[in-house]
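Engineer: Before I ask anything, let me first share the structure, which is written out below as structure tokens.
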Amino acid sequence: MKFKRALSAVLATLMLTGSLAACANGDDLPAGTQNPGQSTGSTDGENEPTDNLPADLSYGGETITVISRDYEGWTRGEISVSALNSDPVNDSIFERNKAVEQRLNIKINSILDDSADASVVVNKVATAVRAGTQEYDLAASACYTTLPETLNGTFVNLRNTRYLDFNQSWWTPGFNEVVEYDDAQYVATGDALISTYRFAFVTVFNQNLFMDAGQPYLYKYVEDGTWTLDKQISLVPVFHRDDGNGIQDDQGDVYGFASGGMASIDAYWSSCQLDIIRKDADGLYEVVLDMDRLHGAAEKILALFHGTDGASRIFTPHGMGAEHDDIRELFAAGYSAMATLRIIELERSSMRNMAQKFGVVPMPKYDEIQKDYHTLLQDQLTVFTIPTTVTGARLDQVSAVLEALASASYRIVKPAYYETTLRTKIAQDPQSSEMMERVIDGIYIDAGILYVMSLPGFQGELRSLVNGKNNDAISRFTAVSKKTRTSLLAIIKKLDRVAQKQAG
């Protein structure tokens, strides 16, 4: 199913509301799904939903312990910050936490783990649960390391908690729809976690280079529906300038396109609508990979990365997040006309201080027949969980705190990040601001990406194919699909077992 977030009808509210579009072609809403912009909760005005927490909830100054990944350049400052510093996002996080503490009469004890290894937080929580100790009330950790641990029964079914309301706008409905299975959901994400914006992939382009080459800005192609992989491939050689030494030089050559050999390749699963796992009519997971479409997408990606006679600069993986740094710095220095980046890279000083002007558009479509532009959220986005050692009245309390954090984020953090930072400070012209909306609207969630650690490597196989410069997609993924079906059955059995155990 596809996750879409549409702007509310009145932009002056500085709010967004979530919606889920879910047919394979993205045209219709499934039965029982909310219409875009609607919330089943009470509202404080037509476009401002409010949560349903009792007004008199008060927990006597009790401490709620939250452990989270707080890694510089990735999730730093997402859950808590130490003080106000006049940065809109930093200050909104600070104010949100204080507002929740005052509202519920609690104290948030934030344990921040700055490990590069995204599995550390999950492992700490799992160790505490196995020991039967209630060290943590709430955890915020990377999705791709957290979902495998849900299969071990480490986390509470969030749909059985007293106060969490996933019909509300501050929860990401497309994500919820994908990870919910047979009325059980062990992780959740939404407005309280700004990695749901920051880890989305976009295409950036150098407006000065486009102007110098007499090329229309990419906004034109997005608007008329022709911003496709084929269009991007055709543009790459237009901008290529070799400094004369016959080799790729990051200080002298100008490239048409810059990307990397790891996570940047993953982005095409969503942008080309290469569905891996969907739910059938009974709500059961099934593998739905279209081999012909995958082969066609691989052919186009190979042409973009390697088929333009050195006009594309593809960085070789060499460390945690290094490809993002390499692509960003080359682009910011003015040596690439187009690049694939995560939104969070646009916040870096090199991009903010870039001498030339840049624009932002979605990732290109597979072809012109594909209706919508889609965006991948990197699987390191943060999710919330509640350990199973939190029970009874304490579980009610923690669920209230989490719902309050989410609803407060909708009113305080989202405007600070989405409106003030993303659409005003980062976007350098009105067109880029509007394109940011398209990007967020096009976020596309696939269980095959989220469960990447529990399934044989779809991501790894596409990366290997592209880096190996050989389109053996059909034979490669036919073999992988067989293993995936077996692994998926194992996941389903584990989910059933966990649900039965928690049901008593």
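Engineer: Which of the residues spanning segment 367-396 are farther than 21 Å from Ala192 by Cα, touching a Gly at 6+ places or on another chain (Cβ under 7 Å) and either aromatic (Phe, Trp, Tyr) or outside any loop (DSSP other than H, G, I, E, B) (or both)?
Structural biologist: Passing the criteria: only Tyr373.
Engineer: Just to verify a result, which residue in segment 344-366, among those that are part of a loop (DSSP other than H, G, I, E, B) and under 25 Å from the mean Cα position of the chain (by Cα), is nearest to Glu329 (Cα to Cα)?
Structural biologist: Arg348
Engineer: May I ask you to list pairs of residues, at least six apart or on different chains, whose Cβ atoms are under 9 Å apart, with the first in segment 120-136 being over 12 Å from Thr385 (Cβ atoms) and the second being of a type in the set (Lys, Arg) and part of a helix (DSSP H, G or I)?
Structural biologist: Sorted first by the residue in segment 120-136, then by its partner, the pairs are Gln134/Arg394; Glu135/Lys124.
Engineer: Looking at Asp282, is it without any contact (Cβ under 8 Å) to a residue 24 or more places away in the chain and of a type outside the set (Lys, Arg)? Step through it out loud before you land on a result.
Structural biologist: On the way: without any contact (Cβ under 8 Å) to a residue 24 or more places away in the chain: yes; of a type outside the set (Lys, Arg): yes.
When the stated conditions are applied, Asp282 passes them.
Engineer: Kindly establish whether Leu274 is open to solvent by less than 30 Å² (accessible area, probe 1.4 Å) and over 25 Å from the mean Cα position of the chain (by Cα).
Structural biologist: Here the answer is no, as Leu274 does not meet what is asked.
Engineer: Looking at segment 92-106, is at least one residue modelled with pLDDT under 95, in contact with a Phe, Trp or Tyr (Cβ under 9 Å, 6 or more places away or on another chain) and closer than 27 Å to Leu422 by Cβ?
Structural biologist: No, segment 92-106 has no match at all.
Engineer: Is it true that Met320 is open to solvent by less than 10 Å² (accessible area, probe 1.4 Å) and either closer than 14 Å to Ser271 by Cβ or in contact (Cβ under 8 Å) with a residue 24 or more places away in the chain (or both)?
Structural biologist: So Met320 does not fit the description; no.
Engineer: Can you find, within segment 396-424, the residue that is farthest from Ile108 (Cα to Cα) among those that are touching a residue at least 40 places away in the same chain (Cβ under 8 Å) and charged (D, E, K, R)?
Structural biologist: Across segment 396-424, the extreme among qualifying residues is Glu419.
Engineer: Residues in segment 79-93: is at least one assigned to a loop (DSSP other than H, G, I, E, B) and in contact with a Ser or Thr (Cβ under 8 Å, 6 or more places away or on another chain)?
Structural biologist: Filtering segment 79-93 for residues assigned to a loop (DSSP other than H, G, I, E, B) gives 79-87.
With the extra rule that they be in contact with a Ser or Thr (Cβ under 8 Å, 6 or more places away or on another chain), the set shrinks to 79-80.
Yes, segment 79-93 contains a residue that is assigned to a loop (DSSP other than H, G, I, E, B) and in contact with a Ser or Thr (Cβ under 8 Å, 6 or more places away or on another chain).
Engineer: Oh, and also: Step by step: first the residues of segment 210-259, then only those that are of a type in the set (Val, Ile, Thr) and assigned to a loop (DSSP other than H, G, I, E, B), then the one that is nearest to Ile314 (Cα to Cα). Which residue is that?
Structural biologist: Ile247
Engineer: Which residue, of Val222, Val254, is more than 16 Å from Ile301 (Cα to Cα) and in contact with a His (Cβ under 9 Å, 6 or more places away or on another chain)?
Structural biologist: Exactly one of Val222, Val254 is more than 16 Å from Ile301 (Cα to Cα) and in contact with a His (Cβ under 9 Å, 6 or more places away or on another chain), namely Val254.
Engineer: Related question: Being within 16 Å of Glu347 (Cβ to Cβ) and outside any helix (DSSP H, G or I) is the filter; apply it to segment 414-436 and report the residue that is least open to solvent (accessible area, probe 1.4 Å).
Structural biologist: Ala427
Engineer: With respect to Thr75, is the statement that it is in contact with a strand residue (DSSP E or B) (Cβ under 8 Å, 6 or more places away or on another chain), of a type outside the set (A, V, I, L, M), closer than 21 Å to Ser454 by Cα and not in a strand (DSSP E or B) true?
Structural biologist: So Thr75 fails the test.
Engineer: What is the residue count in segment 148-188 for residues that are open to solvent by less than 20 Å² (accessible area, probe 1.4 Å), part of a helix (DSSP H, G or I) and closer than 16 Å to Tyr136 by Cβ?
Structural biologist: Of the residues in that region, 2 qualify.
Engineer: Still on this model: Take the conditions under 23 Å from Asp224 (Cβ atoms), modelled with pLDDT of 90 or more, surrounded by 19 or more Cβ atoms within 10 Å (Cβ to Cβ) and β-branched (Val, Ile, Thr) and apply them to Val439. Does it pass?
Structural biologist: Yes: the conditions hold for Val439.
Engineer: Here is a follow-up. Restricting to segment 352-382, name every residue that is open to solvent by 10 Å² or more (accessible area, probe 1.4 Å) and β-branched (Val, Ile, Thr).
Structural biologist: Within segment 352-382, Ile369 is the sole residue that qualifies.
Engineer: Please list, ordered by first then second residue, the pairs with beta carbon atoms under 6 Å, 6 or more apart or interchain, first in segment 48-69 and open to solvent by 20 Å² or more (accessible area, probe 1.4 Å), second assigned to a strand (DSSP E or B) and not polar (S, T, N, Q).
Structural biologist: Taking only residues 6 or more apart or on different chains, the pairs are Tyr59/Ile106; Glu62/Ile106; Thr63/Lys107.
Engineer: Scan segment 487-504 for residues that are assigned to a helix (DSSP H, G or I) and either hydrophobic (A, V, I, L, M, F, W, C) or loosely packed, with under 12 Cβ neighbours inside 10 Å (or both) and jot them down.
Structural biologist: Answer for segment 487-504, where residues must be assigned to a helix (DSSP H, G or I) and either hydrophobic (A, V, I, L, M, F, W, C) or loosely packed, with under 12 Cβ neighbours inside 10 Å (or both): Leu488, Leu489, Ala490, Ile491, Ile492, Lys493, Leu495, Val498, Ala499, Gln500, Lys501, Ala503.
Engineer: Against the definition (touching a helix residue (DSSP H, G or I) at 6+ places or on another chain (Cβ under 7 Å), modelled with pLDDT of 95 or more and surrounded by fewer than 24 Cβ atoms within 10 Å (Cβ to Cβ)), how does Thr388 come out, yes or no?
Structural biologist: Criteria met by Thr388.
Engineer: Continuing with this model, one more query. Of the residues Ala131, Ala126, Ala142, which is closer than 20 Å to Gly457 by Cβ and of a type in the set (A, V, I, L, M, F, W, C)?
Structural biologist: Ala142
Engineer: I'm trying to understand the selection: among the residues of segment 442-479, which are surrounded by fewer than 18 Cβ atoms within 10 Å (Cβ to Cβ) and among the hydrophobic types (A, V, I, L, M, F, W, C)?
Structural biologist: Met453, Ile474, Ala479 - these are the residues of segment 442-479 that are surrounded by fewer than 18 Cβ atoms within 10 Å (Cβ to Cβ) and among the hydrophobic types (A, V, I, L, M, F, W, C).
The values are calculated or read from the model by the stated rules, or taken from the named source; none is laboratory data. Keep in mind the model is a prediction, meaning the values are calculated, not measured. In this analysis, Cβ positions are derived from the backbone assuming ideal geometry, glycine residues included, and neighbour counts consider all displayed protein chains. Note: accessible area is taken over every heavy atom of the protein model, side chains too, but ligands, DNA and RNA are not part of it. Shrake-Rupley method; radii C 1.70, N 1.55, O 1.52, S 1.80 Å.
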